[in-house]
Amino acid sequence: MKTSISKFSFFLAVAALALTFSAFKQGAKPWPVPDKFEKMTNPIKSDASSLKEGKELWAKHCQSCHGKNGLGDGSKAAQLKTEPGDFSVAAFQKLSNGNLFYKISEGRSDMPSFKKKVDGDEDIWNLINYIRTFKK
Ligand code: HEC
């Protein structure tokens, strides 16, 4: 009797552990970007009107997951399978404009593809100009 109880509690402990681990979010996997995107340059100057556009688009399409200031703390962030990341850190801000352009247009898992949602490339560039303001 005693051994079956301890076997059962061992089983419970293992099950609890497995559950805890499966609840952890997936860490960010490397996201390869084709060369032709890496080399793109941003055709839109980061002036007041571009930043204004970018800010509006951000509030409408991105903030719910990425948070107001790109810290990854949006209202939907807790429900996501993957971390949306922190856009204020140097490692993120080092990514090229074309790298961000590719990821925003194509999307991956929880990150939606925006090439059809926003009004053409220009909106994506306005967003990228705005994202650059999150730099610490
Ligand atoms: C439904 C939630 C959600 C929305 C809305 C969303 N994102 Fe994301 N985003 C994510 C997640 C989750 C990831 C991480 C995806 C991965 O690594 O597989 C991500 C990744 C990114 C990345 C790449 C980050 C990196 O470190 O490489 C960029 C750039 C980005 N999002 C920009 C945007 C922009 C701009 C918008 C609005 C137009 C937006 N996202 C809207 C959830 C979202």
- Mind checking which lysines have their Cα closer than 26 Å to the Cα of Lys136? Skip sequence neighbours fewer than 8 apart in that chain. Lys25, Lys29, Lys39, Lys45, Lys52, Lys55, Lys60, Lys68, Lys76, Lys94, Lys103
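Averaged per residue, what accessible area in Å² does region 27-134 show with a 1.4 Å probe, protein chains only?
Working: 6340 Å² over 108 residues.
Result: 59 Å² of accessible area for each residue.
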- Using a 1.4 angstrom probe on the protein heavy atoms only, line up Lys60, Lys68 by accessible area, largest first. Lys60, Lys68
- Message: Considering only protein heavy atoms and a probe of 1.4 Å, how much of the accessible area of region 27-134 is carbon and sulfur, as a whole percent?
- Response: 54 percent
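The values are calculated or read from the model by the stated rules, or taken from the named source; none is laboratory data. This structure is a prediction, so every number in the text was calculated from the model and none was measured. Quick note on the areas: whole protein, heavy atoms, side chains included, nothing else; ligands and nucleic acids left out. Shrake-Rupley method; radii C 1.70, N 1.55, O 1.52, S 1.80 Å.
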